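Chemist: After the structure tokens below, expect a handful of questions from me.
The values are calculated or read from the model by the stated rules, or taken from the named source; none is laboratory data. Just so it is clear, the model here is predicted, and its values are computed rather than measured. Here Cβ is always computed from backbone atoms with ideal geometry, including for glycine, and neighbour counts include all displayed protein chains.
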């Protein structure tokens, strides 16, 4: 079974990075962070969240961690004012209460022990501080990727259906899932949606970044043999066109936000 691949920062930016950048700005706005706050960007990726934070508040003090060395390097180059390191959100090295807020954008779905990760975010955040997580609603709120998943599940009943089930059968971005995880970690989160809109210029703009092998869809495509890949590409092309001509398509994407204050 393919999983999330994070080895090439430039390729990631062409595929999912453009979505992350748009979402990061809304995530920061929704969090309402105080000026000059000390922040942990847990699962920093290529630096989209840290960049959005500093654009809103240049006085913020940001530490970022990610399990991908390639992504950490890209984040540091992108946001030199922050301090990034390779690290695991389930095993943070920071002391208790180190930060005013611990934020995690588009990460929790891919963490093996999500409750442990949330407990770590709570531990390193001061009393009264903010722990906030956002994750795509893969099932009902991410139609550009849902279209791909449904296509491969119909075309490849074994590996395609297993791929879809991996992300739809345990989709923590669905309403109610993150608040339940937060409760297990001793946090009271009131979920809400964040919506963005992205316009893709053509089918190639939609498809070709996945051939670079990053993220979840990219990893799946890269693992296919050539005949399977060709068949999936053609089926995905028809899904994108939807009976019309090639050209721009505009997609709504919805993420589920779960913010919580650390009890005093």
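Chemist: Looking at (1) farther than 16 Å from residue 121 by Cα; (2) at pLDDT 95 or above; (3) crowded, with 18+ Cβ neighbours inside 10 Å, find the lone condition where residue 61 falls short.
Modeler: Of the numbered conditions (1) farther than 16 Å from residue 121 by Cα; (2) at pLDDT 95 or above; (3) crowded, with 18+ Cβ neighbours inside 10 Å, the odd one out for residue 61 is (3).
Chemist: Next question. It is to be established whether one or more residues within segment 31-40 are modelled with pLDDT of 90 or more and assigned to a helix (DSSP H, G or I).
Modeler: Let us first name the residues in segment 31-40 that are modelled with pLDDT of 90 or more, namely 31-40.
Filter once more, keeping what is assigned to a helix (DSSP H, G or I): 31.
Scanning segment 31-40 turns up at least one residue that is modelled with pLDDT of 90 or more and assigned to a helix (DSSP H, G or I).
Chemist: Answer yes or no as to whether residue 100 is assigned to a strand (DSSP E or B) and at pLDDT 95 or above. Talk me through it step by step, then tell me what you get.
Modeler: Numbers: assigned to a strand (DSSP E or B): yes; at pLDDT 95 or above: yes.
Yes.
Chemist: Scan segment 16-32 and give yes if some residue there is over 16 Å from the mean Cα position of the chain (by Cα), without any contact (Cβ under 8 Å) to a residue 12 or more places away in the chain and either surrounded by fewer than 21 Cβ atoms within 10 Å (Cβ to Cβ) or farther than 19 Å from residue 173 by Cβ (or both), otherwise no. Can you show your working first?
Modeler: Step one: of segment 16-32, the residues over 16 Å from the mean Cα position of the chain (by Cα) are 29-32.
With the extra rule that they be without any contact (Cβ under 8 Å) to a residue 12 or more places away in the chain, the set shrinks to 32.
Checking which are either surrounded by fewer than 21 Cβ atoms within 10 Å (Cβ to Cβ) or farther than 19 Å from residue 173 by Cβ (or both) leaves us with 32.
Yes: one or more hits.
Chemist: Follow-up. Sort through 48, 74 and tell me the only one that's in contact (Cβ under 8 Å) with a residue 40 or more places away in the chain, under 19 Å from the mean Cα position of the chain (by Cα), surrounded by 24 or more Cβ atoms within 10 Å (Cβ to Cβ) and closer than 20 Å to residue 17 by Cα. Steps first, answer last, please.
Modeler: On the way: 74 fails: surrounded by 24 or more Cβ atoms within 10 Å (Cβ to Cβ).
Being in contact (Cβ under 8 Å) with a residue 40 or more places away in the chain, under 19 Å from the mean Cα position of the chain (by Cα), surrounded by 24 or more Cβ atoms within 10 Å (Cβ to Cβ) and closer than 20 Å to residue 17 by Cα holds for just one of 48, 74, which is 48.
Chemist: For residue 114, indicate whether it is within 26 Å of residue 29 (Cβ to Cβ), without any contact (Cβ under 8 Å) to a residue 12 or more places away in the chain and out of contact with any strand residue (DSSP E or B) (no Cβ under 7 Å at 6 or more places or on another chain). Before the answer, list the steps.
Modeler: On the way: within 26 Å of residue 29 (Cβ to Cβ): yes; without any contact (Cβ under 8 Å) to a residue 12 or more places away in the chain: no; out of contact with any strand residue (DSSP E or B) (no Cβ under 7 Å at 6 or more places or on another chain): yes.
Spelling it out, it is not the case that residue 114 is within 26 Å of residue 29 (Cβ to Cβ), without any contact (Cβ under 8 Å) to a residue 12 or more places away in the chain and out of contact with any strand residue (DSSP E or B) (no Cβ under 7 Å at 6 or more places or on another chain).
Chemist: How many residues are under 18 Å from residue 109 (Cβ atoms), part of a loop (DSSP other than H, G, I, E, B) and at pLDDT 90 or above when one looks only at segment 137-186?
Modeler: Of the residues in segment 137-186, 12 are under 18 Å from residue 109 (Cβ atoms), part of a loop (DSSP other than H, G, I, E, B) and at pLDDT 90 or above.
Chemist: Residues in segment 41-87 that are assigned to a loop (DSSP other than H, G, I, E, B) and closer than 19 Å to residue 134 by Cα: how many? Break it down into steps so the answer makes sense when it comes.
Modeler: Just the residues of segment 41-87 that are assigned to a loop (DSSP other than H, G, I, E, B), to begin with: 43-47, 57-60, 67-68, 79-82, 87.
Subsequent filtering for residues that are closer than 19 Å to residue 134 by Cα retains 43-47, 67.
The total comes to 6.
Chemist: Which residues, taken from segment 253-264, are loosely packed, with under 13 Cβ neighbours inside 10 Å and at pLDDT 95 or above?
Modeler: Initial filter on segment 253-264 (loosely packed, with under 13 Cβ neighbours inside 10 Å): 263-264.
Passing the criteria: only 263.
Chemist: Taking the condition surrounded by fewer than 24 Cβ atoms within 10 Å (Cβ to Cβ), at pLDDT 95 or above, within 29 Å of residue 148 (Cβ to Cβ) and touching a strand residue (DSSP E or B) at 6+ places or on another chain (Cβ under 9 Å), does residue 93 pass?
Modeler: Considered against the rule, which asks whether it is surrounded by fewer than 24 Cβ atoms within 10 Å (Cβ to Cβ), at pLDDT 95 or above, within 29 Å of residue 148 (Cβ to Cβ) and touching a strand residue (DSSP E or B) at 6+ places or on another chain (Cβ under 9 Å), residue 93 comes out as no.
Chemist: Say we look at segment 121-136 and pick out the residues that are assigned to a helix (DSSP H, G or I) and in contact (Cβ under 8 Å) with a residue 40 or more places away in the chain; which of these is surrounded by the most Cβ atoms within 10 Å (Cβ to Cβ)?
Modeler: For segment 121-136, the residue satisfying everything is 121.
Chemist: Considering only residues that are at pLDDT 95 or above and within 16 Å of the chain's Cα centre (by Cα), which ones fall in segment 216-251?
Modeler: Matches in segment 216-251: none.
Chemist: Would you confirm whether any residue within segment 190-212 is under 14 Å from residue 131 (Cα atoms), in a loop (DSSP other than H, G, I, E, B) and touching a residue at least 12 places away in the same chain (Cβ under 8 Å)? Write out each step before concluding.
Modeler: First, the residues of segment 190-212 that are under 14 Å from residue 131 (Cα atoms): 190-191.
From what is left, the residues that are in a loop (DSSP other than H, G, I, E, B) are 190-191.
With the extra rule that they be touching a residue at least 12 places away in the same chain (Cβ under 8 Å), the set shrinks to 190-191.
Yes, segment 190-212 has at least one match.
Chemist: Continuing with the same structure: Restricting to segment 1-30, what's the tally of residues that are touching a helix residue (DSSP H, G or I) at 6+ places or on another chain (Cβ under 6 Å) and either within 18 Å of residue 255 (Cβ to Cβ) or at pLDDT 95 or above (or both)?
Modeler: Qualifying residue count for the region: 8.
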